[in-house]
Amino acid sequence: MLNADALNQLRQLKTNIKESKVVFPGTVKSTNGRFGFVALDEGRDVFLPPEEMQKVLPGDRVNVTEQEVEKGKTQGVVDELLETRLTTFVGRYLIKGKGHFVVPETPGINRWIFIPPKERMGAEPDDFVYCQIHRHPIKDGKGQAKILRIIGKAGEPGIERAFTLANFDLTDTWPENVQQQADSLTEDSIAALTDGREDRQAQPYVTIDSPGTQDMDDALMATPNATGWTLSIAIADPTALIDPDSPAEQEAFKRATAIYFPGEPLPMLPDSISTRLCSLMPDVPRLVLVCDLQVNNDGSLGDYSFHQAVISSKGKLSYELVSHLIEGREDDDIKALPDEVGNSLDQLHQVATALRKWRAEHALLSSDRPEFRLRLDENRRIRLIEPSVQNEAHRLVEECMVAANRCAADFLSKQDHGLFIQHPGLRDDRADNVRKLLEGYAPHLAELNANTAEGFKALMKQCDQLEAEVPIKAILSRQLARAELHAEAGPHQGMGLAAYTTFTSPLRKFSDYYVHRLIKAALWGTPIKALDNEQLEVLQATQFRARQAANSLETWLRADFAKTLPEDPMEGTISRTVPSGFFVRLDNNGLEGFVSCRDLDGKFGFDPITLRLVHNKNGRIFQIEQRVTVSFAGVDDERRQINFKLIKADEISTGQNNEGG
């Protein structure tokens, strides 16, 4: 037995070891495997072997030590949990022997988690459940969870949407104080706010949307003048009805954006506001923020001004009807339009044509990629996927919105406070690959500095007419960075503009709503609660998660729909390549499926410069935009991934016919 002196010496030795130990703080990153990494605050990653990864959860803040293993390699050992960020998750309930577990569907948790008897809420096998971490696994690698809510079972109508809401911590109900605020607003609230606003109710503003749209937030009109046109864009003004920092505004910030889930959108504002009191419905007075701007004959923008006004839309027009008018058709619905509306629509078409011509010459236009609309059945699953045709009316509205947003960006760039959408162009970490791509396949473009706004614009413009062995523009488009929200003006390289923002969708996006606040505060001194940089980061992260949620639900629904596909040959285009294979987008319905290299003859290497897959022996090539014929090969339900089998592919500069695997 140790005496007191020996015990004290032992304690001191432990203290000395602990003080001399070098620990590194960092954040846990998961992988698709059982191992992971810790992204150290100092900027490098440390490998975490499976036994250490069992002790942590994705996003955990930890201290790690680094130990050397064989051949000079190092790996991390978790020393201390500093903070855990993953508190709730979703999964499927599983009983294995006497154990009750949840199999997480949240990315990065690659283990079953035990659920104690008192925390099971009567769940049954295969139930989807919403859970909370009950005991962190840091001590022994054996975490526990408790069920907060049973979401439902696979196959139930609407389970995909309900699961997605839970997975992304979204809700389709409103806090009580938000609902009370919305319920307190009426048509009388609008009437009480009309004093001091310009009365434009007699002017021929119309909305142009899809027939099913209820939250109409923009109305247009145009008149000719000596040097071009006066274009007037009236945008719904929810900031007039919603007080700054009120419950509805706080909830709108929290949601960041409306999410257009198939069949049933998740709104940013309560329906009574977004689809009734602020929606620019025909023949009723509505509060708007108007941008009047001079569009010159060459499509350049002249002077502009903003106005608080009241309008009464003269028609809820569909894209199809306006497109028919542009084409000169004599439909009964077109004949029924008042003359002043028909004349304004004619002028709007001319304005949009000039605006688009200017942007084609001086900025960058996005290429029209075929879009598809999902039609759901009574069980909220896809019954039909049909093309969503972009016609001249869509382009008319797009050009008017872009012009108004450019004016808003120019105005805010001259103020003390702003909100802008910057796009930095190519990703910094892809610069070397892009340079090598151009040197190899378009050497006359290699001298352009694609890291500058002007250089990037020149590069993308010249790529439009480029004939090369590889699809250079398509490759570059897959090397682009994400657009970002900033308080300061800066280039939007993706659009080829010196500055850009958006304010034309304030019922659907909080960033647009906030730009309304900024414009009105600058011009008329209306109150505003300014966002700081941290709040802008939160807003942007929430917008990104909303897109992830919409994509996640659509991916699930499309994967289920794919199971109804026949095994007949289907035409498509390679949309993406990865080292393990390539994705194909079908022509007739837009479904994307994966062709694995394992199902092809031989071995393929992946070229990160050209994004090509090249056969190691015979030089067979698969690349982006290559035409292929495939057949349905099943669905990976765990990953919700559609799989295809290659039947044949167009030749790519090899002189060989690429017949199927």
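The values are calculated or read from the model by the stated rules, or taken from the named source; none is laboratory data. What you see is a predicted model; the values in this text were computed from it and never measured. A quick note on method: Cβ atoms are made from the backbone with ideal geometry, for glycine too, and the neighbour counts reach across all protein chains shown. What goes into the accessible areas is simple: the full protein's heavy atoms, side chains included, and nothing from ligands, DNA or RNA. Shrake-Rupley method; radii C 1.70, N 1.55, O 1.52, S 1.80 Å.
Applying the condition of being within 9 Å of Leu518 (Cβ to Cβ) and over 19 Å from the mean Cα position of the chain (by Cα) to region 412-426 and asking which residue is modelled with the highest pLDDT yields Leu412. Please determine, by comparing only the residues of region 164-220 that are among the acidic types (Asp, Glu) and within 30 Å of Ser323 (Cβ to Cβ), which one is surrounded by the fewest Cβ atoms within 10 Å (Cβ to Cβ). Here the residue is Asp209. Those helices (runs of 4 or more DSSP H) of region 471-585 in which 2 or more residues are out of contact with any helix residue (DSSP H, G or I) (no Cβ under 7 Å at 6 or more places or on another chain) and more than 20 Å from Asp237 (Cα to Cα) occupy 472-477, 533-562.
Those helices (runs of 4 or more DSSP H) of region 265-362 in which 3 or more residues are within 30 Å of the chain's Cα centre (by Cα) occupy 319-326, 339-362. Residue count for region 592-615 satisfying the condition of being open to solvent by 30 Å² or more (accessible area, probe 1.4 Å), part of a strand (DSSP E or B) and more than 27 Å from Lys436 (Cβ to Cβ): 1.
Conditions (1) of a type in the set (Phe, Trp, Tyr); (2) without any contact (Cβ under 8 Å) to a residue 24 or more places away in the chain; (3) surrounded by fewer than 21 Cβ atoms within 10 Å (Cβ to Cβ), marked per residue:
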position: Arg380; (1), (2), (3): no, no, yes
position: Ala404; (1), (2), (3): no, no, no
position: Ala431; (1), (2), (3): no, yes, yes
position: Lys461; (1), (2), (3): no, no, yes
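Filtering Leu376, Leu364 for residues that are within 30 Å of Ala562 (Cα to Cα) and either surrounded by fewer than 20 Cβ atoms within 10 Å (Cβ to Cβ) or of a type in the set (A, V, I, L, M, F, W, C) (or both) leaves a single hit, Leu376. Residues of region 501-537 that are surrounded by 15 or more Cβ atoms within 10 Å (Cβ to Cβ) and aliphatic (A, V, I, L, M): Leu507, Val515, Leu518, Ile519, Ala521, Ala522, Leu523, Ile528, Leu531, Leu536.
For region 382-393, the set of residues classified as open to solvent by less than 40 Å² (accessible area, probe 1.4 Å) and in contact (Cβ under 8 Å) with a residue 40 or more places away in the chain consists of Ile382, Ile385, Asn391, Ala393, listed by residue number. Counting only residues that are among the hydroxyl-bearing types (Ser, Thr, Tyr) and in contact (Cβ under 8 Å) with a residue 12 or more places away in the chain, region 168-185 holds 0 of them. Annotation: of all residues in region 225-254 being open to solvent by 30 Å² or more (accessible area, probe 1.4 Å) and touching a strand residue (DSSP E or B) at 6+ places or on another chain (Cβ under 8 Å), the one that is farthest from Asn343 (Cα to Cα) is Thr227.
Selection of first residues in region 528-547 that are in contact (Cβ under 8 Å) with a residue 60 or more places away in the chain and of second residues that are surrounded by 13 or more Cβ atoms within 10 Å (Cβ to Cβ) and basic (Lys, Arg), restricted to Cβ pairs under 6 Å at least 6 apart or on distinct chains, gives the following pairs, ordered by first then second residue: Ile528/Arg517.
Asn618 satisfies every condition listed in (1) in a strand (DSSP E or B); (2) within 23 Å of Gly440 (Cα to Cα) except (1).
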